[in-house]
Amino acid sequence: MADGKAFYLTTPIYYVNDAPHIGHAYTTTAGDVATRWHRQRGEDVWFLTGVDEHGTKVERAAAAGGVTPQEWVDRLVADAWLPVLGTIDAANDDFIRTTEPRHAERVQRFWEVVRDSGDVYSALYEGPYCVGCEEFKLPGDLVPGTGEFEGQQVCPIHGRPVEQLAEENWFFRLSAFSDRLLAHYEAHPEAVEPRSAYNEVMSFIRQGLQDISMSRSSVSWGIPLSWDERQVIYVWFDALLNYATAAGYGADPESADGQRFARLWPPDVNLVGKDILRFHAVYWPAMLMAAGLEPPRKVFAHGWLLVGGEKMSKSKLTGISPEQIIDTFGSDAFRYYFLRAITFGQDGSFSWEDLHARYTAELANGLGNLASRATAMVGRYRDGLLPAAHDFSPAEQEIIDALAAAVPVADAAFVALDFQGGIAAVRELVEKVNGYVTETEPWALAKDPANAGRLDVVLYTICEALRAIAVLYNPVMPKAMASLWEQLGAAADLGPIAEQRIADVAAWGQLPAGARVTKGDALFPRIDADA
Ligand code: MSP
């Protein structure tokens, strides 16, 4: 961006009480596709993800596992949370762990700033707490329990009773920020999306905000308060700050970290699941206002992956690991499927049947078949050298026009985090080119040497359209599109696929005549339904 501001996108930092499931991978994948798209636009981009290692939930998981919390998180991060980034092919720029000194020291400094501004005071907290959510609950938040918890009030997300706390804490004066938050969101309706999330946040703030504990005295696994070492910082008020500490908050402005902070702040998108909307759209901007920092430009709350109509989760034993899907279908299909099948911002159900059906129709038979037919025909009819093309007919012009029309639609959609819309624009282009192949019948043209010029035009058109499709799909399916780029022989003249710009992709005629086209491995091999 011209002002030296990078496009800065974050995922939540995930609790390390257990290994990742596809719900966590879903958010990280969405963030990865969005940031790859912005990189492909030529922007300076920073993509942050990481893990939330403190709090009661992690402490209890470690105790149940018979190890110290630090041993527990070290092992899970090394064995599961870092490897999953490779599994889903995420290209994050940084990975923050809340037990790192760079985080802990800056969190302490942040709260000193807020205390000095008069927004922290000591008082007694009495009320319900859900360890699953790591959240102080308001009485109106709880719902009547069912089954074994009949007759009790339970957390609506975890379906279990909450714990009653009574402890001396330090409080954050959240109530002082209602008006400023309302004014901020009235002026910036784009700062919470989708619209349903915005409305929920506004009505929550309008009810009036209550002050909230920012420290815990009955918990030991956390970052100590610098002015009261008997207390640790409440896990959410430690975790939310990761977006600032990882960016370099609190570092000397002349240092590399300080300069990065100037380049990144504020976040352009804090991507979250709707379960943690209130933390991100109410507490988080209020904390930043208290410390004199700009709030995020956008908090986007996506929906839940459901299993049997309920939020998929490890605690309910419905968690599916990303490997279970990726071992069979590959990372590209995983990335494509979840963003294509579910409207971003709404809930969606996962099913193996739907995954298999879309994989087969859209990837194996759709794009994969188009690519393999194109490269095979250039091999068979033109010895693997892309022919020069002259005399385009209206049929080719239709492809050229369809490409020119698809690019701005895809661009606007991906920038708006409408992944389904972005993918649809490219998928329709793939279908259009497949229809062109059926209509022009290059295999029939090849039978008569009199049609050689026409066959050249058709082969060139298919390959040149695939060149554009490869670039447009690269943020979604980087492995398969790198392979397609290779098969088209595009790198020799055009350079690496990652350096192709969205703004240039519709310019026709970029693949040079004579490009060496090879039929490589199938981009999306067929998979048996019962595999
Ligand atoms: N540690 C906090 C977040 C702190 S951010 C400053 C936390 N961690 S979590 O491990 O519970 O991860 C929650 C996030 O994981 C959700 O907001 C969402 O991004 C993702 N998901 C976890 N389960 C999910 C589904 N079933 N469906 C979709 N996303 C899910 O909350």
- Hits in the range 272-283 (condition: within 11 Å of the ligand (Cβ to nearest atom) and surrounded by fewer than 24 Cβ atoms within 10 Å (Cβ to Cβ)): V272, G273, K274, D275, I276, L277, F279, Y283
- Collect the residues in the range 284-308 that are within 9 Å of the ligand (Cβ to nearest atom) and either out of contact with any Gly (no Cβ under 8 Å at 6 or more places or on another chain) or within 14 Å of T10 (Cβ to Cβ) (or both), keeping them in residue-number order. W284, A301, H302, V307
- Note on the structure: When restricted to R75, R106, the only residue surrounded by fewer than 16 Cβ atoms within 10 Å (Cβ to Cβ) and closer than 30 Å to W46 by Cα is R75
- Evaluation of S226 against (1) of a type in the set (G, A, S); (2) closer than 24 Å to R97 by Cβ; (3) surrounded by 15 or more Cβ atoms within 10 Å (Cβ to Cβ) (one fails), failing number: (3)
- Note on the structure: Residues of the range 302-342 being touching an Asp or Glu at 6+ places or on another chain (Cβ under 8 Å) and of a type in the set (V, I, T), in sequence order, are T318
- Task: Output the number of the condition that A244 fails; it satisfies all remaining conditions of (1) within 16 Å of the ligand (Cβ to nearest atom); (2) touching a Leu at 6+ places or on another chain (Cβ under 9 Å); (3) at pLDDT below 95.
- Result: (3)
- Note on the structure: When (1) under 19 Å from F300 (Cβ atoms); (2) within 15 Å of the ligand (Cβ to nearest atom); (3) buried (at least 20 other Cβ atoms within 10 Å of the Cβ) are applied to W46, the one that fails is (2)
- Restricted to the range 309-358 and to residues being within 12 Å of the ligand (Cβ to nearest atom), in contact with a Lys or Arg (Cβ under 9 Å, 6 or more places away or on another chain) and not hydroxyl-bearing (S, T, Y), the residue modelled with the lowest pLDDT is E310
- Checked A166, A123, A187 against criteria (farther than 30 Å from P69 by Cα and of a type outside the set (K, R)); the one match is A187
- Message: Checking the conditions here, which among A191, A187 is over 23 Å from A62 (Cβ atoms), away from the ligand (no atom under 15 Å from the Cβ) and in contact (Cβ under 8 Å) with a residue 40 or more places away in the chain?
- Response: A191
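Rundown of residues vs (1) within 30 Å of A30 (Cβ to Cβ); (2) not in a helix (DSSP H, G or I), yes/no style:
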residue	(1), (2)
E398	no, no
V407	yes, no
A413	yes, no
G422	yes, no
V430	yes, no
Y436	no, no
E439	no, no
K447	no, yes
L455	no, no
- Which one is farthest from G208 (Cα to Cα) among residues in the range 111-134 that are within 16 Å of the ligand (Cβ to nearest atom) and touching a Phe, Trp or Tyr at 6+ places or on another chain (Cβ under 7 Å)? E134
- Message: Condition (residue is touching a Gly at 6+ places or on another chain (Cβ under 8 Å), assigned to a helix (DSSP H, G or I) and open to solvent by less than 10 Å² (accessible area, probe 1.4 Å)) applied to the range 201-212: is it met by at least one residue?
- Response: no
- Message: For a quick check of your reading of the model, give me the residue pairs whose first member lies in the range 20-38 and is within 11 Å of R335 (Cβ to Cβ), whose second is near the ligand (Cβ under 9 Å from one of its atoms), with beta-carbon atoms closer than 7 Å and at least 6 apart or on different chains.
- Response: Y26/L305; T28/T11; A30/L271; A30/H302
- Task: Looking for whichever is of a type in the set (G, A, S), more than 27 Å from D391 (Cβ to Cβ) and modelled with pLDDT under 95 here; the options are G422, G495, G520. Which one fits?
- Result: G520
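Results for (1) within 24 Å of S215 (Cα to Cα); (2) under 31 Å from the mean Cα position of the chain (by Cα); (3) open to solvent by 20 Å² or more (accessible area, probe 1.4 Å); (4) not polar (S, T, N, Q), shown as yes or no for each residue.
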| position | (1), (2), (3), (4) |
| --- | --- |
| E150 | no, no, yes, yes |
| Q153 | no, no, yes, no |
| N169 | yes, no, no, no |
| A183 | no, yes, yes, yes |
- Item | helices (runs of 4 or more DSSP H) (entirely within the range 73-187) containing at least 3 residues that are among the acidic types (D, E) | 101-116
- Note on the structure: Scanning the range 236-256 residue by residue, the ones that are open to solvent by less than 10 Å² (accessible area, probe 1.4 Å), over 24 Å from P189 (Cα atoms) and in a helix (DSSP H, G or I) total 5
- Task: Mind listing whichever residues of the range 257-295 are under 17 Å from K5 (Cβ atoms) and either in contact with a His (Cβ under 9 Å, 6 or more places away or on another chain) or part of a helix (DSSP H, G or I) (or both)?
- Result: D257, G258, Q259, R260, F261, A262, R263, L264, D268, N270, L288, P295
- Note on the structure: Scanning the range 1-20 residue by residue, those within 14 Å of the ligand (Cβ to nearest atom) and touching a Leu at 6+ places or on another chain (Cβ under 7 Å) turn out to be L9, T10, T11, V16, A19
- Item | Test result for G23, open to solvent by 10 Å² or more (accessible area, probe 1.4 Å), within 16 Å of the ligand (Cβ to nearest atom), small (G, A, S) and within 17 Å of the chain's Cα centre (by Cα) | yes
- Task: Taking the residues in the range 481-513 that are of a type in the set (G, A, S) and surrounded by fewer than 14 Cβ atoms within 10 Å (Cβ to Cβ) as candidates, determine which candidate is nearest to E43 (Cα to Cα).
- Result: A503
- Note on the structure: Flagged pairs (Cβ under 8 angstrom, 6 or more apart or on separate chains; first in the range 465-484, under 16 Å from K432 (Cβ atoms) and touching a residue at least 40 places away in the same chain (Cβ under 8 Å); second surrounded by fewer than 24 Cβ atoms within 10 Å (Cβ to Cβ) and among the polar types (S, T, N, Q)) are R467/Q510
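The values are calculated or read from the model by the stated rules, or taken from the named source; none is laboratory data. Since the structure is predicted, the reported quantities are computational estimates derived from the model, not experimental observations. Positions of Cβ are generated from backbone atoms using ideal geometry, with glycine treated the same way; all protein chains shown enter the neighbour counts. All accessible areas refer to the heavy atoms of the entire protein, side chains included, with ligands and DNA or RNA removed. Shrake-Rupley method; radii C 1.70, N 1.55, O 1.52, S 1.80 Å.
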